[in-house]
Amino acid sequence: AVRHLKKAIELVPDFVDAHYWLGQCYLKQSKRAEGIAAFQKAVKLAPDSEYGIKAKESLKALYR
């Protein structure tokens, strides 16, 4: 999944959904720093979108 999400982001850098799901995949792989970076990118691109909000929630959960 990571490979496909990275390819999607390469093709469409502002694809917020892909950044969010990439963050989720990284967390499943115990790659916390990479997950945080992906979530931060999603928030930066579209903070008020569905996936921007989900990314903010994921970041909050990681810092609890």
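The values are calculated or read from the model by the stated rules, or taken from the named source; none is laboratory data. Note that the structure is a prediction, hence the values are computed from the model and not measured. Cβ atoms come from the backbone with ideal geometry, glycine included; neighbour counts cover every protein chain shown. The protein model used for the area step is the full one, side chains on, heavy atoms only, and it has no ligands, DNA or RNA in it. Shrake-Rupley method; radii C 1.70, N 1.55, O 1.52, S 1.80 Å.
What the table below lists for this structure:
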| read-out | value |
| --- | --- |
| Accessible area of the chain divided out per residue, in Å², using a probe of 1.4 angstrom | 67 Å² |
| P(r) histogram, all alpha-carbon pairs of the range 2-64 included - 5 Å bins from 0, percent | 4, 24, 32, 25, 12, 3, 0 |
| Simple Cβ-charge dipole of the chain, Lys/Arg +1 and Asp/Glu -1, about Cα centre, in debye nearest 20 | 340 debye |
| Helix runs (DSSP H) in the chain reaching 24 Å along axis by Cα, Kyte-Doolittle at least 1.0 | none |
| Accessible carbon and sulfur surface of the chain relative to its total accessible area, %, 1.4 Å | 55 percent |
